[in-house]
1. Checking Thr66 against (1) modelled with pLDDT of 95 or more; (2) of a type in the set (Ser, Thr, Tyr); (3) under 30 Å from Arg364 (Cα atoms); (4) surrounded by fewer than 11 Cβ atoms within 10 Å (Cβ to Cβ), which test does it fail?
2. Can you name every residue in the stretch 247-291 that is surrounded by 14 or more Cβ atoms within 10 Å (Cβ to Cβ), in contact with a Ser or Thr (Cβ under 8 Å, 6 or more places away or on another chain) and part of a helix (DSSP H, G or I)?
3. So is Ala507 within 30 Å of Lys78 (Cβ to Cβ), surrounded by fewer than 19 Cβ atoms within 10 Å (Cβ to Cβ) and not aromatic (Phe, Trp, Tyr) or not?
4. Any residue in the stretch 159-172 that's farther than 17 Å from Leu195 by Cα: show its pairings with residues that are surrounded by 10 or more Cβ atoms within 10 Å (Cβ to Cβ) and hydrophobic (A, V, I, L, M, F, W, C) at Cβ separation under 7 Å, as long as the two are six or more apart or on different chains.
5. Got a number for residues in the stretch 461-476 being surrounded by fewer than 21 Cβ atoms within 10 Å (Cβ to Cβ) and either within 17 Å of Thr582 (Cβ to Cβ) or of a type in the set (Ser, Thr, Tyr) (or both)?
6. Looking at the stretch 138-167 only, could you name the residues that are assigned to a loop (DSSP other than H, G, I, E, B), hydroxyl-bearing (Ser, Thr, Tyr) and crowded, with 17+ Cβ neighbours inside 10 Å?
7. Here is a list of conditions, (1) part of a helix (DSSP H, G or I); (2) touching a helix residue (DSSP H, G or I) at 6+ places or on another chain (Cβ under 7 Å); (3) hydroxyl-bearing (Ser, Thr, Tyr), and Ser235 meets all of them except one; can you say which number that is?
8. How many of the residues making up the stretch 407-454 are among the aliphatic types (A, V, I, L, M), part of a helix (DSSP H, G or I) and closer than 25 Å to Asp336 by Cβ?
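The values are calculated or read from the model by the stated rules, or taken from the named source; none is laboratory data. Here the structure is a predicted model, which means the values were calculated and not measured. Backbone-built Cβ (ideal geometry, glycine too); neighbour counts: all protein chains shown.
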Amino acid sequence: MKSAELDKLARRYGISPTRPSPEDREVTISADTKRKILSALEVELSADRETRGPRRGQESERADQTIPQSFLPDFLLKTRVWGISLQLYELRSARNWGIGDFEDLSDAADLAGKLGADFIGLNPLHAPFLADPDRCSPYEPSSRQHLNPLYIAVDRLPGFVGSAQLERQLEGLRRSNLVDYAGVARAKLGTLRDLWRAWLQAGAADETYDRVDFDAFVARGGNSLRRHALFECLSLFMVEHGAGAGWQAWPADFRRFDSAAVAEFAREHEDEVRFHMWLQWLAHGQLLQAADRAREAGLRIGLYLDLAVGEAVDGSATWSEPDVYISKATIGSPPDPFAVEGQDWHLAGYLPSAIAAGDSSPYRRMVSAAMRYAGAIRIDHAPALRRLFLVPLGSRPDGGAYVRYPQHRLLQILAETSAEYRCLVIGEALGMIPPDLPDELAAAQILSYRILSYEQDGKGFKPPDAYPVFGLTCISTHDHQTLAGWWRSADIQDRREHGIVPPDLTAKHLQQRRRERRSLKAALRAAGIDVPTRLGARASRETLRDLTVSAYRFIARTPSLLVAVRLADLTDEKRPTNIPGTSDSYPNWKPKLSVSLEGLASNPLLDRITAAMREERPRIHAAGERSGSRRISKRQG
């Protein structure tokens with residue numbers, strides 16, 4: 001195929017001709033990259049022509065379409081609110097099994113309501129690999145359409161009876177400063193299997209669990225639920241027999257859900273398949289209860305759930321629906337100043353031609369799976385609404401390219417589903433993004449995601465009144481140190497120690513951080529907020545706590561509709577949740593909080609920061625608004 005024809009075809013399928021570089025210049029995409037990306041998009045090429053046309057949904061969108069608007073609750077037109085963000089697994093409590101669970105979430109909602117918060121923001125609750133519990137990143141799930149059974153509060157299930165031996169096991173899991181995912185899985189799945197067998201033996205007359213509701217849940221879940229449960233059975237079986245948890249390591253005749261070997265396995269393990277559907281039903285019921293508890297506690301938004309940008313390449317989702325995923329490239333990001341070689345996140349993305357196709361499109365099903373429990377969702381990497389950076393298999397990230405997605409149709413799906421579930425939409429759009437994307441997301445009533453340390457310009461930190469109204473503002477996220485850690489440059493040291501950034505860039509980043517510290521102090525003073533004395537680079541722990549209170553007061557004064565208070569800031573955590581760019585060198589997604597749920601109420605920093613939130617963002621009820629529980633019937637599905 002001639003170069004001009006290849007370029008024309010690449011443009012037709014939305015492949016950008018250039019990508020950015022760490023030096024802030026555009027690099028031309030090679031012909032080899034274009035061929036690989038076209039192949040990943042299932043465009044088969046002969047020597048001189050394209051042999052497969054675009055599938056439904058791939059056609060270009062009209063530029064003059066009106067931007068669909070997502071749901072916004074009426075009360076937010078008259079008030080600004082705040083909430084608490086946390087990682088569910090990081091919660092400690094006297095009763096949990098070494099990992100935060102849905103009962104802990106309900107208790108946290110009760111506390112948040114008493115403090116005057118209006119939402120609890122959570123990490124993705126997507127289904128992981130139960131057969132490989134240490135694959136624990138919530139942003140590399142096995143499936144985004146199903147839940148994580150490790151969050152089930154087993155001790156709150158009907159029929160549960162503990163034992164001295166189990167309690168000894170649980171005490172060890174509770175004491176650990178890191179979540180022992182393998183130990184948690186053994187304890188929970190073993191006990192859950194006992195409860196399942198007891199239920200099967202009890203017969204239809206037993207009223208411990210609502211069998212009619214379970215059967216209805218299974219019917220509503222359809223093929224998606226059944227295939228996910230079947231994948232879990234196969235995954236556990238394969239691990240027991242020396243293969244991997246992911247389907248790419250399985251024997252060839254088990255790598256497709258519709259093979260004869262899989263059908264025979266399903267017939268032989270029907271009870272086990274139903275057990276995994278039962279786990280999803282239990283998780284669904286407990287998460288619904290937590291959502292109701294949040295409403296009853298007075299949280300007007302309730303739960304705020306995070307959506308991962310993609311799924312594991314070898315998980316339940318890609319095995320169950322292979323025709324809707326890209327199989328020859330993975331999601332990543334181009335080289336930038338903080339990751340000079342670029343990043344390959346090793347995540348599977350939807351095919352642009354399939355993502356929004358049909359009335360029950362993959363994207364609609366994925367966002368609905370979260371919205372039915374939530375008053376708000378956050379879309380991780382919202383630029384994916386327009387484009388994704390795809391890295392061909394076998395290539396380095398600098399050999400990838402941006403590919404266009406059907407933005408208007410995705411915004412339309414978000415508008416329709418958010419109205420159906422009365423759910424806010426927040427879009428995280430940080431780093432290298434199209435310059436006009438923030439305005440388009442704002443026009444769609446998708447709240448932007450603003451992090452204090454990113455809100456700087458040539459003059460330093462932006463003043464509070466420069467923040468957008470349609471936004472959620474916070475100080476840090478799971479990918480950042482706490483504010484105290486940022487002040488100490490712990491994030492920069494982490495990147496150096498783990499080999500993510502070379503020493504010469506580290507020196508520049510440390511120099512920049514010194515300027516940023518001065519700039520933050522100046523911004524606080526300009527806003528009329530107290531700056532702690534003796535606030536140097538090596539400030540004391542108490543001084544940094546004072547700074548944290550001042551910084552939260554600063555973001556509370558922004559016009560942004562939502563402000564999130566990170567629980568790790570309130571408990572003054574030293575260990576980060578996640579260090580992007582690391583895998584084996586740091587225990588990402590495992591650190592627990594240093595303070596238990598029972599101890600939070602008497603935590604002095606929590607008291608000071610939440611008091612500042614109430615002062616800066618007093619609760620104002622809209623006319624006719626009522627506090628309390630709001631159950632939407634569609635959430636039962």
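1. Thr66 satisfies every listed condition except (1).
2. Trp247, Gln289, Ala290, listed by residue number.
3. Numbers: within 30 Å of Lys78 (Cβ to Cβ): no; surrounded by fewer than 19 Cβ atoms within 10 Å (Cβ to Cβ): yes; not aromatic (Phe, Trp, Tyr): yes.
No: the conditions fail for Ala507.
4. Short answer, once both residue conditions are applied: Gln169/Ala187; Leu170/Trp97; Leu170/Ala187.
5. Result for the stretch 461-476: 1.
6. Taking the stretch 138-167 as the starting set, the residues that turn out to be assigned to a loop (DSSP other than H, G, I, E, B) are 138-142, 148, 152-153, 157-163.
Remaining after also requiring hydroxyl-bearing (Ser, Thr, Tyr): 139, 142, 163.
Tyr139, Ser142 - these are the residues of the stretch 138-167 that are assigned to a loop (DSSP other than H, G, I, E, B), hydroxyl-bearing (Ser, Thr, Tyr) and crowded, with 17+ Cβ neighbours inside 10 Å.
7. Answer for Ser235: the failing condition is (2).
8. If we filter the stretch 407-454 for residues that are among the aliphatic types (A, V, I, L, M), which is where we start, we get 410-411, 413-415, 419, 424-426, 429-430, 432-433, 437, 441-444, 446-447, 451-452.
The next check asks that each one be part of a helix (DSSP H, G or I); those that pass are 410-411, 413-415, 419, 437, 441-443, 452.
Filter again for closer than 25 Å to Asp336 by Cβ, leaving 410, 437, 441-442, 452.
Matching residues across the stretch 407-454 total 5.
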